[in-house]
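S.K.: Here it is: the structure, laid out below.
Every number here is computed from the coordinates shown, using simple stated rules; none is lab data. Just so it is clear, the structure is predicted and the values come from calculations on it, not from any experiment. Note that each Cβ is placed from the backbone with ideal geometry, even for glycine, and that neighbours are counted across all protein chains shown.
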Amino acid sequence: MATCRSRGVERGGAPHVLAVDDSSVDRAVISGILRSSQFRVTAVDSGKRALELLGSEPNVSMIITDYWMPEMTGYELLKKVKESSRLKEIPVVIMSSENVSTRINRCLEEGAEDFLLKPVQPSDVSRLCSRVLRIAYDDRNQKMRANDIISDSKTEFSGRDNNSSNHPKLSFKAILPTAPQTPFPLLLRATSPTRHHRRRIGRRGDRGSGSGGNSGKGGGGGSGSGGGDDDDDYEEAEFGPLLGFDEVLGFAAARGVSLPADMMEAAKDAGIREVLLLRYFDLQAGPWPLAAMIRAFSMLRNRMLADPSFLFKVGTEVVIDSCCATFAEVQKRGEDFWAEFELYAADLLVGVVVDIALVGLLAPYVRFGKASASTGPFGRFNRMAGSLPSSVFEAERPGCRFTVQQRIGTFFYKGVLYGSVGFVCGIIGQGIANMIMTAKRSVKKSDEDIPVPPLIKSAALWGVFLAVSSNTRYQIINGLERVVETSPIAKRVPPVAMAFTVGVRFANNIYGGMQFVDWARWSGVQ
């Protein structure tokens, strides 16, 4: 029988996790991640040491162990734990740096809670630990309810015994109907569900996944599409169980984090996927500038929730473009670079704005809240735009499926947005440059001065270039990044995806710059 104490969670205490790994480095990494989530950790270097510890101190909430270890493998440790009537309710998580499907299936069939590929990410550990917290919380509450029923039953039987002593003819059978109607063993049985049941905690299958706002894209509140078991299983495996309002409030209170209004509304309406909620907590625990920006700008928050590498991609784009632009400006202006620094600064500033727009407009994002109820033309347009993916090759997320027509429509819709950004930035950037050039020539004229570029024609060129060329290239880049990020090697070695992002965006920047020069010459702007 698994009680709160046997699951490692005493009243007022932190859950106890046993980490097993023969590598001192991996042991330190896992222990650090667990302790950062306010868990009590005991780390040992072998399966035998783990069994010895479990024999003397069974108060463990979860065991997380490496698969391949000398003397006793993680699989053998798993079997020992599951064969023990005293320890079998403790969840066991296996880690490995090798993605071997037969090994994974064997561990899961033996009763492993999950199988994680190294290097283990903090979000993986947070998801598992939050599940342990929830189960332990249910254990404690159920035991407290059972104890209350037992106490009430004893009091009631005691009172009836006193009454029966004054009525000798009252038979014992007359007392039985007043006993608790719930079978006693069911009240005290272990509340640790099987692995299949535990994966289905928080399921809202009969309501649709409801996790993506207007179109259910990514995480919580809204119409969501579908609701079949296959979709739910995929979403739960990828994004964790769907947490109800009370569970969301409990996790937020445990972390000391207040949720914004739209996330609270999403939790009330249809729930929030566990992984997305944990990502928000991690962002709030980040350094000051990021945490403050996440709270202040929902557009940034929603993109970071859908893609934690969003800021890295924006920074990569800005740095590469700025460095390439600076190199080109120095080569082009030569000795006049510092004399014409204001032109360079204006170009650079506009370039940064364009870079942020290029990445941000195609980035996936989580949508919280309900679809617009407006019946006017703008309301219909907003609903139509909200149903489109962020990019042509965007991955399907909780509660959201995209048709081929929607993906094609996205290409043209984003082309219009890109063109608008290009035209506006072209007006601003070229306008500043033209004013500076005109002001300088009013002071000092030279026969070598090049003609002032036409403002509207230059802005139109920027608009068309971004709508056609940039839109196509960045759609392809997003698709390639998605393929790499979901590959097994990138999941095992995350820097591979980061290196690919840097390389492909650098190559795209060089090619785009050369192509723009050709377009400008062809159009007569330069």
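S.K.: I need the phi-derived Karplus couplings for region 76-83: 6.51 cos²θ - 1.76 cosθ + 1.60, θ = phi - 60°, integer Hz, Gly and Pro marked x.
M.R.: So the Karplus estimates, Gly and Pro as x, are 5, 5, 4, 5, 4, 5, 6, 7 Hz.
S.K.: Between MET384 and VAL353, what is the FRET efficiency for a Förster distance of 30 Å, r being their Cβ-Cβ separation, to the nearest 0.05?
M.R.: On the way: r = 27 Å, r/R0 = 0.90.
Computed FRET efficiency for MET384 and VAL353: 0.65.
S.K.: Tally Lys and Arg at +1 and Asp and Glu at -1 over the other residues with C-beta under 15 Å from the C-beta of GLY426: what net charge comes out? Could you put the intermediate results ahead of the total?
M.R.: On the way: positive: LYS457; negative: ASP347, ASP355.
So the environment of GLY426 carries a net charge of -1.
S.K.: While we're on this one: What pairs from LYS88/LYS491; LYS48/LYS118; LYS48/LYS491; LYS414/LYS457; LYS48/LYS82; LYS82/LYS268 go past 26 Å between their alpha carbons?
M.R.: Numbers: LYS88/LYS491 30 Å; LYS48/LYS118 22 Å; LYS48/LYS491 30 Å; LYS414/LYS457 22 Å; LYS48/LYS82 15 Å; LYS82/LYS268 38 Å.
LYS88/LYS491; LYS48/LYS491; LYS82/LYS268, as the Cα separations exceed 26 Å there.
S.K.: Taking the Cα-to-Cβ direction at ILE476 and at CYS323 and moving 7 Å from each Cα, how far apart do the two end points lie in nm?
M.R.: 2.3 nm
S.K.: In addition: With a Förster radius of 60 Å, plug the Cβ-Cβ distance of ALA507 and GLN38 into 1/(1 + (r/R0)^6) and report the FRET value to the nearest 0.05. Spell out each step's value before the answer.
M.R.: On the way: r = 44 Å, r/R0 = 0.74.
The formula returns an efficiency of 0.85 here.
S.K.: Provide the packing ranking of 343-350, 426-433, 269-276, 285-292, i.e. peptides ordered by the mean count of other C-beta atoms within 10 Å per residue, highest first.
M.R.: 269-276, 426-433, 343-350, 285-292
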